[in-house]
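Report on one structure; see the data block that follows.
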Amino acid sequence: MDSQKKTLDDLVRGDAPVRMVDLLELDELQCRSEIVAAAAKLLQDPKHCHDGYDIIGPLAAEGDVEAQFIIGDFCESALKQPKQAAIWFQRAADQGNPQAQ
């Protein structure tokens, strides 16, 4: 058994897929906003961008405004899907996100 606790940076540096359960096991992530931020960090890493999308997508679908904005930004910048981005930005704007508005 590994006696050293893993960190988000350890997960990002690793080759294994990162799942929601992996994030929930990290002591450094204590609340939903920190999970969203961690998933956003995964989106920025070419090796783990699919993992980040798989984690943040359900959070956005559940109505998390920050996740909605991040997915919108990812759809626009990385996926080059402006129509999909507009949907996510509108959802975030409808909840008062100033960046999306």
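The values are calculated or read from the model by the stated rules, or taken from the named source; none is laboratory data. Bear in mind that the values here come from a model prediction, so they are computed numbers and not experimental data. Because the Cβ atoms are built from the backbone with ideal geometry, glycine has one as well, and the counts that use them run over all protein chains shown.
Selection of region 46-61 for residues being at pLDDT below 95 and of a type in the set (Asp, Glu) yields an empty set.
Only one of Ala100, Ala92 is at pLDDT below 95, surrounded by 17 or more Cβ atoms within 10 Å (Cβ to Cβ) and farther than 29 Å from Lys6 by Cβ. Can you tell me which? Quick ask: steps written out before the conclusion?
Values: Ala92 fails: at pLDDT below 95.
Residue meeting the stated conditions: Ala100.
A quick yes/no check of all residues on (1) touching a Ser or Thr at 6+ places or on another chain (Cβ under 9 Å); (2) closer than 16 Å to Ala100 by Cβ; (3) buried (at least 17 other Cβ atoms within 10 Å of the Cβ):
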site: Asp27; (1), (2), (3): yes, no, no
site: Gln30; (1), (2), (3): no, no, no
site: Val36; (1), (2), (3): no, yes, yes
site: Pro82; (1), (2), (3): no, yes, no
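The residues of region 62-81 that are in contact with a helix residue (DSSP H, G or I) (Cβ under 6 Å, 6 or more places away or on another chain) and in a helix (DSSP H, G or I), listed by number, are Val65, Glu66, Ala67, Gln68, Phe69, Ile70, Ile71, Gly72, Phe74, Cys75, Glu76.
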